[in-house]
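The values are calculated or read from the model by the stated rules, or taken from the named source; none is laboratory data. Please read these numbers as outputs of a predicted model, since none were measured by experiment. Because the Cβ atoms are built from the backbone with ideal geometry, glycine has one as well, and the counts that use them run over all protein chains shown.
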Protein chains: 2
Amino acid sequence: MADGLAKHFSDRAKDMKASDVRELLKLLQVPDMISFAGGLPNPESFPVDIIREIADDVLRQDGAQALQYGITEGYAPLRDAIAERMKGKGMRVARENVLVVSGSQQVIDLMGKIFIDPKDIVLISAPTYLTALTGFGTYQAAFESVPIDENNMRMDLFEERMKALTRRAKTPEIVYVLPNFHNPAGVTMPEKSRRRLVDMASEYDFIILEDDPYGELRYRGDDIAPVKSFDDEGRVVYMGTFSKVLSPGLRVGYVLADEEILKKLIIAKQSTDVCTNVLGQRIAHEYVVRGHIDKQILKIRAIYGRKLDIMLKGMKEFMPSGLHWVEPDGGMFLWVTLPEGLNSPDLLESALKKRVAFVSGRAFFPDPRDGFGSMRLNFTHASDELITEGLKRLGAVVNQEMVSKWDRSRDAVDAQVMDAVKGNLVGKS
Amino acid sequence: MADGLAKHFSDRAKDMKASDVRELLKLLQVPDMISFAGGLPNPESFPVDIIREIADDVLRQDGAQALQYGITEGYAPLRDAIAERMKGKGMRVARENVLVVSGSQQVIDLMGKIFIDPKDIVLISAPTYLTALTGFGTYQAAFESVPIDENNMRMDLFEERMKALTRRAKTPEIVYVLPNFHNPAGVTMPEKSRRRLVDMASEYDFIILEDDPYGELRYRGDDIAPVKSFDDEGRVVYMGTFSKVLSPGLRVGYVLADEEILKKLIIAKQSTDVCTNVLGQRIAHEYVVRGHIDKQILKIRAIYGRKLDIMLKGMKEFMPSGLHWVEPDGGMFLWVTLPEGLNSPDLLESALKKRVAFVSGRAFFPDPRDGFGSMRLNFTHASDELITEGLKRLGAVVNQEMVSKWDRSRDAVDAQVMDAVKGNLVGKS
């Protein structure tokens with residue numbers, strides 16, 4: 001590039017950095033690496049043969065339409081099928097509330113586009129979904145973060161924060177939540193908190209963006225109604241996806257919103273990518289209406305539930321005491337808190353040498369000083385055997401780090417004694 | 001929606017309007033409507049059987065990968081295949097210069113994202129591609145426009161404008177051009193202007209965005225090397241697509257750029273939609289490497305070239321004198337200038353009543369006062385018979401409007417005479 005073309009970049013682009021996770025994923029090509037790092041579905045779960053059959057039928061019966069531009073809103077029968085399924089979860093929606101998107105990540109981009117001016121506040125839990133940070137960051141959002149506990153976002157702290165922000169006349173535009181099997185933290189928001197959140201949205205006048213990629217991947221306990229099901233005012237925008245229950249490579253997701261908001265999302269999408277790929281939409285549609293999807297969800301739940309059990313068993317077996325985690329009821333991730341004094345970037349460096357990878361908690365916090373004491377482990381992608389082998393390796397690395405830490409702190413004590421002794425000597429001289 | 005949620009929209013969203021064309025496209029569902037309005041490829045050209053065969057092979061042989069997330073950059077063998085083809089057009093590019101995107105429209109969005117701060121200047125030809133206006137408009141670009149003639153953008157006026165802008169220290173960030181078979185104007189930029197544009201980019205320090213969706217759809221004359229082929233400084237970003245030569249519903253396009261720019265585009269895409277749908281990429285890749293694409297281009301050229309001839313013949317046969325157009329050498333559109341006094345929105349209203357549609361020139365200018373004297377006719381989508389029938393209808397409407405205009409102007413003269421007479425009477429009383 002000619003020197004100095006970089007100066008042409010927009011302010012938002014100057015702040016864009018390749019994420020650590022992205023860089024990390026490149027390392028995973030190394031042979032023998034066992035990865036708990038990504039957030040990939042297990043390809044074992046993909047219904048390849050059914051998709052092949054459907055693709056063939058769609059192209060045979062309606063190829064000209066399936067290969068033509070579609071309208072931005074999405075393929076109407078797919079919008080209907082999505083509305084129908086979402087009604088089953090208690091949301092009052094119709095076709096007019098559904099926009100089909102190019103994967104649910106696109107919803108974050110479009111929501112940023114239509115709601116966020118530079119310095120507008122997006123309130124998130126900390127930790128939160130990494131690419132929500134970069135997505136809203138693109139629109140130069142200011143982040144306010146509220147800690148989580150085993151019940152997802154801490155509602156008491158959220159209320160305090162809202163009061164404090166209101167006093168400074170700085171209420172958020174968007175409150176972004178992951179109520180089910182939070183990424184990265186795995187925790188689920190109880191119904192009471194969901195109701196409270198909707199009430200507060202009305203009271204404080206903000207929009208809730210409910211991100212629910214894993215809602216159907218529950219392995220224990222009972223479903224909890226979505227935040228949007230408690231919404232009477234059109235304040236909750238709900239995003240879902242076929243990536244986790246069908247195939248991420250199809251890039252088909254959806255957003256449910258009040259009509260006025262949906263209209264703006266549609267206009268924004270129109271100049272972004274015209275429409276979601278039509279063949280992918282047609283495949284998703286047939287997959288739903290032919291009745292495969294519920295069976296598929298049961299199948300995925302069985303596979304991932306088993307993998308979660310294997311991971312929890314391995315954690316107990318191979319990890320030294322001092323590490324903590326909340327057992328998730330679903331989703332794809334286990335969030336682990338390290339003992340005082342260990343830090344996850346160093347641990348990751350050692351782990352990679354032993355051919356096992358995870359994501360340091362750092363990636364999931366807006367403040368770069370946070371997240372050193374935690375790590376995210378994905379349990380859906382590795383084979384059952386490799387989960388156990390990977391935890392064995394990781395356990396050994398953690399043990400080793402704890403020993404070194406102990407050695408270092410002993411060395412530090414020794415050094416202090418030595419310094420004290422030297423000080424005395426110097427003092428005397 | 002709760003009253004007043006609209007106040008939460010970002011400044012950019014408040015300016016977003018559904019485009020006239022979008023609204024118009026909805027009217028086209030009326031039975032018997034002959035449409036010259038859209039920019040749709042003819043589905044007759046889609047290689048449905050080959051795509052069906054390829055989809056089947058890809059899913060059979062590598063289903064797990066084809067349905068999994070892909071990397072943001074795009075499927076590596078497709079990037080290679082694109083680089084290879086583009087080298088054949090004289091561009092010095094390798095895999096590292098190629099990003100696969102979700103249709104080339106996405107390039108405009110990503111370029112806006114990484115280069116445009118509010119009020120930054122994007123220089124365009126006037127008219128220009130409608131969705132470049134809305135796409136850059138999303139990033140609150142300020143537009144400077146330069147008129148076109150039969151040689152595409154008027155280079156003399158462009159030079160004058162650049163000098164004037166430089167005096168005001170307001171040079172554009174991006175100069176957006178459609179050198180081949182311009183949309184909507186159909187005109188092509190000569191090699192000399194392309195070379196000059198690249199020299200000026202260096203001299204005045206701007207980025208050129210070269211949009212080339214129709215480059216391979218040439219029906220007469222010889223290919224002209226792309227603007228990017230004359231670029232030594234990485235100042236030209238080139239965008240292309242499989243939409244016009246394979247299928248728009250697959251949503252697979254590409255951008256070629258200097259590595260430093262490409263890196264930012266990749267990071268921006270990552271938080272926008274993660275990756276382009278993988279099945280579509282795999283289909284496009286196989287379509288190219290199995291050697292279908294060049295035969296397909298020949299086939300499309302034959303179909304569209306014939307349709308262009310039919311349209312040009314129909315124009316001569318059915319249009320009254322006083323209308324002007326430049327015969328395009330390729331692409332999808334004929335741009336027609338109306339005689340003084342006719343205006344295209346009124347003409348469109350009358351035309352729709354006679355069941356024939358086009359797009360008023362208004363849609364293609366940033367200034368809402370422009371474009372009343374022109375219309376865009378698409379010649380690729382309608383069947384051969386309907387092109388002729390549509391022009392017959394449109395010719396009748398134009399004739400009728402010219403007669404009414406004549407009547408109106410005669411009425412106006414009569415009224416003036418009457419006023420004068422009345423004035424005399426009043427004066428006398």
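Here are a few things to note about the model shown:
- Number of residues in the range B:303-359 that are within 27 Å of B:GLY215 (Cα to Cα) and acidic (Asp, Glu): the value is 3.
Residues are listed down the side, and each one gets a yes or a no for (1) in the same structural domain as A:TYR214 (by TED's automatic domain parsing); (2) at pLDDT 95 or above; (3) in a helix (DSSP H, G or I); (4) among the β-branched types (Val, Ile, Thr):
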residue	(1), (2), (3), (4)
A:GLU385	no, yes, yes, no
A:LYS392	no, yes, yes, no
A:VAL398	no, yes, yes, yes
A:ASP407	no, no, yes, no
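- Counting the residues of the range A:50-70 that are more than 8 Å from every other protein chain (Cβ to nearest Cβ) and within 33 Å of the chain's Cα centre (by Cα) gives 4.
- Residues located in the range A:279-295, provided they are assigned to a helix (DSSP H, G or I), closer than 13 Å to A:ARG85 by Cβ and not β-branched (Val, Ile, Thr): A:ALA284, A:HIS285, A:TYR287, A:ASP294
- Candidates A:GLY112, A:GLY88, A:GLY103 - the one that is buried (at least 21 other Cβ atoms within 10 Å of the Cβ) and either more than 25 Å from the chain's Cα centre (by Cα) or free of Cβ contacts under 8 Å to residues at least 40 places away in the same chain (or both): A:GLY112
- Entry remark, the range B:356-383: residues being assigned to a loop (DSSP other than H, G, I, E, B) and either surrounded by fewer than 18 Cβ atoms within 10 Å (Cβ to Cβ) or not polar (S, T, N, Q) (or both) number 14 in total.
- Restricting the range A:176-205 to residues that are in contact (Cβ under 8 Å) with a residue 40 or more places away in the chain and among the hydroxyl-bearing types (Ser, Thr, Tyr), the residue that is farthest from the other protein chains (Cβ to nearest Cβ) is A:THR188.
- Among the residues of the range B:259-305, those identified as more than 17 Å from B:SER104 (Cα to Cα) and acidic (Asp, Glu) are B:GLU259, B:GLU260, B:GLU286, B:ASP294.
- The residue that is surrounded by the fewest Cβ atoms within 10 Å (Cβ to Cβ), among those in the range A:247-275 that are among the hydroxyl-bearing types (Ser, Thr, Tyr) and facing chain B (nearest Cβ under 7 Å), is A:SER271.
- The number of residues in the range B:110-121 that are at the interface with chain A (Cβ under 8 Å from one of its Cβ atoms) and not in a helix (DSSP H, G or I) comes to 3.
- Any hit, the range A:268-285, residues being more than 19 Å from A:ALA55 (Cα to Cα) and of a type in the set (A, V, I, L, M): yes
- Scanning the range A:73-80 turns up no residue that is of a type in the set (Gly, Ala, Ser), touching a Phe, Trp or Tyr at 6+ places or on another chain (Cβ under 7 Å) and either modelled with pLDDT of 95 or more or closer than 15 Å to A:LEU279 by Cβ (or both).
- Of the residues examined, B:ASP223 is one that is in a loop (DSSP other than H, G, I, E, B) and either hydrophobic (A, V, I, L, M, F, W, C) or at pLDDT 95 or above (or both).
- Only one entry of B:MET155, B:MET200 meets the criterion of being among the aliphatic types (A, V, I, L, M), more than 15 Å from B:SER145 (Cβ to Cβ) and surrounded by 14 or more Cβ atoms within 10 Å (Cβ to Cβ), and that entry is B:MET200.
- Residue in the range A:358-375 that is touching a Phe, Trp or Tyr at 6+ places or on another chain (Cβ under 8 Å) and within 27 Å of A:ILE51 (Cα to Cα) present: no
- Residues satisfying the stated conditions in the range B:163-182, i.e. over 16 Å from B:TYR238 (Cα atoms) and touching a strand residue (DSSP E or B) at 6+ places or on another chain (Cβ under 8 Å): B:LEU165, B:LYS170, B:THR171, B:PRO172
- Scanning the range A:99-109 for residues that are over 16 Å from A:ILE267 (Cβ atoms) and away from chain B (no Cβ under 12 Å) gives no hits.
- Residue under evaluation B:THR337, criteria (1) at positive phi; (2) β-branched (Val, Ile, Thr); (3) in contact with a His (Cβ under 6 Å, 6 or more places away or on another chain), criterion not met: (1)
- Annotation note: of B:THR166, B:THR171, the sole residue that is touching an Asp or Glu at 6+ places or on another chain (Cβ under 7 Å), hydroxyl-bearing (Ser, Thr, Tyr) and surrounded by fewer than 24 Cβ atoms within 10 Å (Cβ to Cβ) is B:THR171.
- Leading residue by the ranking (nearest to the other protein chains (Cβ to nearest Cβ)) among those in the range B:206-246 that are within 15 Å of B:MET332 (Cβ to Cβ) and of a type in the set (Ser, Thr, Tyr): B:SER243
- Comparison of B:MET33, B:MET86, B:MET91 shows that the only residue that is more than 9 Å from every other protein chain (Cβ to nearest Cβ), in contact with a Phe, Trp or Tyr (Cβ under 7 Å, 6 or more places away or on another chain) and not polar (S, T, N, Q) is B:MET91.
- Scanning the range B:27-41 for residues that are closer than 20 Å to B:ALA284 by Cβ and either in contact with a Lys or Arg (Cβ under 8 Å, 6 or more places away or on another chain) or of a type in the set (Lys, Arg) (or both) gives a single hit, B:PRO41.
- Any chance A:ILE124 is away from every other protein chain (no Cβ under 11 Å), assigned to a strand (DSSP E or B) and either of a type in the set (Lys, Arg) or free of Cβ contacts under 8 Å to residues at least 40 places away in the same chain (or both): no
- Subset of the range B:249-278 (residues that are within 17 Å of B:LEU78 (Cα to Cα) and either in a helix (DSSP H, G or I) or within 22 Å of the chain's Cα centre (by Cα) (or both)): B:LEU250, B:ARG251, B:VAL252, B:GLY253, B:TYR254, B:VAL255, B:LEU256, B:ALA257, B:LEU262, B:ILE266, B:THR276, B:VAL278
- Selection status of A:LEU99, modelled with pLDDT of 95 or more, within 17 Å of A:ILE207 (Cα to Cα), assigned by TED's automatic domain parsing to the domain that holds A:VAL278 and among the aliphatic types (A, V, I, L, M): no
- The residues in the range A:132-159 that are assigned to a helix (DSSP H, G or I) and either touching a residue at least 40 places away in the same chain (Cβ under 8 Å) or touching a Lys or Arg at 6+ places or on another chain (Cβ under 7 Å) (or both) can be counted, and the count is 9.
- Among the numbered conditions (1) surrounded by fewer than 17 Cβ atoms within 10 Å (Cβ to Cβ); (2) facing another protein chain (nearest Cβ under 9 Å); (3) free of Cβ contacts under 8 Å to residues at least 60 places away in the same chain, the only one that A:LEU5 does not meet is (1).
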